[in-house]
C-alpha cells in the first residue's frame, strides 16, 4: 500500500533561513533513502538535504532561492511499504560544491552577516504590541542563548535593542530590525553599538581599464563573508599584537622521533600544530581571561576548551574547531586536525565543524613569513599567529648554539586583556613548547 510522505529538512544546527542553491530532483523521479534532494548554502558551509524515504517524487515544495529552515517541507514522496525509511532522518551532510564553503576568517567559529528581517505577518490593530523601549546602559537583558549569540556575532549591544517579546524578551527579529534601522540612519549619526557612521570618505571609483587590460572576477562567497566579519572585527576590537619566540629544538626532535616510530607501526603522524594546540589549551586554563567573550558590560568565562585553526583551501581560509581539547592527547588532536583539514579542502565541513571556538590559531609556517598581526575573531578575545620556524644562533652564556626558533604573534582585545597579561600568556606558551614536561606540573 502506497502513501505520500512529507520529506522535511532534518536538524542542521543553529541555522535558519538558508537559501536553496540547487534542486537535484523533479516530479516523477524515483529516489532511494539518503539520495540528495537539494543543496543549501549557509554562510559557513554547503549542505545536502537527503531523502529520509524511498519512492517517487510527487511534488517539489521549494524552488531555487527559497530560504528554508529545520522542519521545512521540501518534497512529497509516494512510497510503498518496502520503500519507507527504516531510521530517523540524519542531519544534513555537507557536500562538495564549486562554490566556496563559506566561513568567516577564515575567521573561524565564523559569524554571519545581518540577516534580512522576516516579513511581518498582518495582525489586527488591537493585537499589535509596541516594542518595549531600549534598556538603560548596564541593565539586565532578557534573551535566549541563541539570540545573544546572534547579537554578539553582529556586535550589537542588547541594552540598546527594543524588545517585542513577552515580558520584555528580546527576539531575533528585534536585533535584525535594530541593525536595519541603524544601517538606514543618516551617515552623520554614529552608532556606538555597531561601529557604523564613522563619517569616512566614500570609496574611490576608478576606471582601471583606461590604464591597461584588466580581468574582473567576483569574490567567492567565503571571501565576501570573511570581508564583512574582518572589517567589523578590525573596527570594533582594539587589538594589540604581542610577539614572542619559542625555542622548539628539543620538541621538534621529539616529534620527528615519534613520527619515525609511527611510520614503522603504521600510525598517524604528529604535527607541530597539535603540540601548539595543546600548549594553548594549557595556557587558557592558566589565564582564563583568554577563554572568554565580552557580552555588553559582562565577561563570559567559558569552562570548556574548543580551539579553532585556520585551514587553507582553494576557496579561501576556513576555521575548523577541535572540541574539548583538554580531554584529548596530542596524537588524538593531530589525527582530528588531519581529518578536519581534509574535509575543509574537499568542501565538506559542516556547521558543527566550525562553531563553538574559544580561541583560534592561524599558522602560516607551512608557507613562510616571520611575523604578522592576526585579526581577532569575534566573539573570541584573542588569536595566536604562528610563523615559519628558523634556525638562529642563540647565546647560552658561553657560546652561540643553533636553535630552532618558532615566532609567535598573539593579538588580544585590549578591553579584556592588557599588555602584561598578554605577554605572560605568550611567554607561557613559549615555555611549554620549549619543554612540554611543564605540562605535567
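What the table shows:
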| quantity | calculated |
| --- | --- |
| Mean separation of Cα contacts under 8 Å, 6 or more apart, over the residue count of segment 239-440: relative contact order % | 30 |
| By average C-beta atoms within 10 angstrom, highest first, the peptides 380-390, 250-260, 410-420 | 380-390, 410-420, 250-260 |
| Cα gyration tensor shape of segment 350-405, rounded if a/c is under 1.5, else prolate or oblate by comparing a/b with b/c | prolate |
| Cα-based shape type of segment 239-440, given that a ≥ b ≥ c are square roots of the gyration tensor eigenvalues and the cut on a/c is 1.5 | oblate |
| Fewest-first sequence of 354, 272, 391 by Cβ atoms within 10 Å of each Cβ | 391, 272, 354 |
| Pairwise FRET efficiency - residue 30 versus residue 201, Cβ, R0 = 56 Å, nearest 0.05 | 0.40 |
| FRET efficiency, 1/(1 + (r/R0)^6) with R0 35 Å, evaluated for residue 208 and residue 253 via beta carbons | 0.10 |
| Distance from segment 219-241 to segment 369-441 (C-alpha centre basis), Å | 23 |
| Ranked 280, 337, 358, criterion: other C-beta atoms within 10 Å, fewest first | 337, 358, 280 |
| Residues 150, 15 arranged by fewest to most Cβ contacts within 10 Å | 15, 150 |
| Net lengthening on full extension, residue 262/residue 331 (0.36 nm per residue, minus Cα-Cα) | 23.8 nm |
| Full-extension gain in nm, residue 269 to residue 312, via 0.36 nm per residue minus C-alpha separation | 13.5 nm |
| Angstrom value of the Kirkwood radius, inverse mean 1/r, which spans all Cα pairs in segment 354-441 | 14.7 |
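Each value in this text was obtained by applying a stated rule to the coordinates, not by laboratory testing. Values in this document were obtained by computation on a predicted structure and should not be read as measured data. As a convention, Cβ positions derive from the backbone with ideal geometry for all residues, glycine included, and neighbour counts pool all protein chains shown.
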